[in-house]
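The values are calculated or read from the model by the stated rules, or taken from the named source; none is laboratory data. Every value quoted in this text rests on a predicted model; they were computed, and no experiment measured them. Using ideal geometry, Cβ is built from the backbone for each residue, glycine included, and neighbour counts are taken over all protein chains shown. To get the accessible areas, we keep the full protein, side chains included, count just its heavy atoms, and leave off ligands, DNA and RNA. Shrake-Rupley method; radii C 1.70, N 1.55, O 1.52, S 1.80 Å.
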Amino acid sequence: MSLPDRVRRTIRKHALLRAGDRVLVALSGGPDSVALLHLLLDLQRDGDLVVAAVAHFHHQLRGVDADEDEGFSSDLAARLGLPFEVGRQDVRQAAREAGRSIEDMARELRYRFLHSAAERVRADVIAIGHTVDDQAETFLLRLVRGGGLRGLSGIRPRAGRVIRPLIEITRAELRAYSRERGLASRDDPSNRDLAIARNRVRHELIPYLEREFNPGITHVLAREASIARADDNRLHQEAIDLASTIVLSTSDGNTQIDVAALRSLDSALSSRIALQALTRSSGGRFVGFDQVEQILRLAEGQDGASVDLPGQRATRRAGVIILGAPAARIRRDNVGLANSFRFPLSIPGEVTLDNLGWAVSADRLDSLDRPAGCRPARGTEVTIAADPVALPLAIRSRRHGDRFRPLGMGHRKKLQDFLVDRKIPRETRDSLPLVVDGEDRIVWVVGESVAEDFRVTEPSRGVILLKARRLGGPG
């Protein structure tokens, strides 16, 4: 089977694309991303997809080398006749200001740029060049860091809008493809820096395991990640359902965990619920098994105990564990958020906002009659496409800077401007619920509009029914 055919098989196996989808290709200039671009162009010639544009993010970390990577990527896009999107940000400065590692900050800013670029070029998905080797490396890194079963699930073939068509292809196969095609690429010297943990795994640990234990260790580790992912998906969904009554957001922006309810669960579920709560409050920082264990020990302890965790402080008080910002990091700009809220929404499930006069529910319609997927995308009972949703769903209040693509629009719009256009009274805007997905993308402005990104176009691929009703009156 040819390499393009194997990529096509991966796409179909994991439902990464629909025929004709517009793809934004993330291009670093390195050999994997260059091969990814050309493989997708091969599939475009067969009518599988449309390469909408190429996107490159400049981290401002490697001086002239990084400038040359950008220039190479720009030139390649021009030669191929493709639109070129470029983003630049001082990652080191941003990491310093946020108190985070450069690696974590780089990842967040890069993906933020890619999502905004995808909006500009009207791309349905964003293709990343992760390979089976990246999967094996991630498995080992998570293993030594203690990420639990979810961490060992590794890199997911699809996460929301992000897809990884090369996740079952090795780097060696990509290099052979590039040699046959005469494809030039850039070499990033930082990939050989053994001060970076991933590079030590790549250049020292995996070669040692291949030499001393199993020459096919890369595929073994990738298979283990796949098995872990299947098991974790099932447990994760059950934990999401349970978390809706155990983990709650408070009016001051903190998160509370019901200690008695958490302790009543099997450890396989209690650890996942603790991980979900910690991840939500971590500000994007890595949360590992050690931190989950600290929360579970806190649940077994006495009121008054507290512990500092990534991006937050956990305190046990009056039968709950409160996750909030560390005292030294409480910012003045948090003042004025007393009316904010966020609650998880399970599927099926309902969130009742008594003080705001709303109840919002979600249910799957996959097994029901197809006409159910054709309900309107405005009003208090709407349907959304299940495929693009990154779980879990949540109900939250609006935030400064919120944007989304209203139904029927080709570009994103400020939520504030949308609410003004819809003549929503100023005094009720903060209490209007929003349904958001696991990437915090607005899915539904309740009672007003579903986001265009989640409009139902193919009911057979799965549909979610969202309902809202006003409490104390008709639905």
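Structure notes:
- For segment 23-67, a crude dipole built from +1 on the beta carbon of Lys and Arg and -1 on the beta carbon of Asp and Glu, taken about the Cα centre, is about 100 debye to the nearest 20.
- Between the helical axis of 132-145 and the longest alpha-carbon principal axis of the chain there is an angle of about 50 degrees.
- Which label in (1) 36, 26, 21; (2) 37, 29, 22; (3) 45, 26, 20 gives the computed semi-axes √(5λ) of the Cα gyration tensor in Å: (2)
- Sorting TRP444, TRP358 on solvent-accessible area from highest to lowest, probe radius 1.4 Å, gives TRP358, TRP444.
- In this structure the amide hydrogen of HIS130, modeled in the peptide plane, comes within under 5 Å of the amide hydrogens of LEU166, none closer than 5 places in sequence on its chain.
- 5 angstrom amide H check on GLY30, placed H, neighbours 5+ away: ARG186
- Less than 5 angstrom separates the built amide H of ARG470 from none of the residues sequence-distant by 5 or more or on a different chain.
- Taking the charge dipole of the chain about its Cα centre, with +1 at Lys and Arg Cβ atoms and -1 at Asp and Glu Cβ atoms, the residue from SER33, GLY408, HIS219 reaching farthest to the positive side is GLY408.
- Residue among SER185, VAL292, ASN254 farthest towards the positive dipole end of segment 162-302, charges placed on Cβ: SER185
- Its Cα gyration tensor gives segment 199-245 an equivalent ellipsoid. The semi-axes, each the square root of 5 times an eigenvalue, are 34, 12, 6 Å from largest down.
- With all protein chains modelled, accessible area of VAL287 [1.4 Å, Å²]: 20
- Protein-only accessible surface order, largest first, of MET409, MET1, MET105 at 1.4 Å: MET1, MET409, MET105
- A probe of 1.4 angstrom, applied to the heavy atoms of all protein chains, finds GLU68 with accessible area near 90 square angstrom.
- Within segment 193-245: Cβ-based charge dipole about Cα centre, in debye rounded to nearest 20 (Lys, Arg +1; Asp, Glu -1): 200
- Degrees separating the helix 171-181 axis from the principal Cα axis of the chain, which is the longest one: 50
- Accessible-area value, TYR208, 1.4 Å probe, nucleic acids and ligands omitted, Å²: 100
- What the phi angles of segment 358-363 give under the Karplus curve with 6.51, -1.76 and 1.60, with θ = phi - 60°, is a coupling list of 10, 9, 10, 10, 9, 8 Hz, glycine and proline written as x.
- Surface accessible to a 1.4 Å probe, per residue, for the residues of segment 1-153, Å²: 42
- Rounded to the nearest 20, the Cβ-based charge dipole of segment 147-255 about its Cα centre (Lys and Arg +1, Asp and Glu -1) stands at 480 debye.
- The sum of -39500 (n - 2.57) across all DSSP H runs of n ≥ 4, divided by the residue count of the chain, sets its helix-only mean residue ellipticity at 222 nm to -12000 deg cm²/dmol.
- Relative to the longest principal axis of the Cα atoms of the chain, the long axis of helix 3-13 makes an angle of roughly 20 degrees.
- Dipole of the chain, positive direction: furthest Cα of GLY148, PRO165, LEU80, with charges on the beta-carbon: LEU80
- The accessible-area ordering, largest first, of the residues THR138, THR457 stands as THR457, THR138, per a 1.4 angstrom probe.
- Per-atom-type breakdown for segment 1-134 gives carbon and sulfur 46% of the accessible area (1.4 Å probe, protein chains only).
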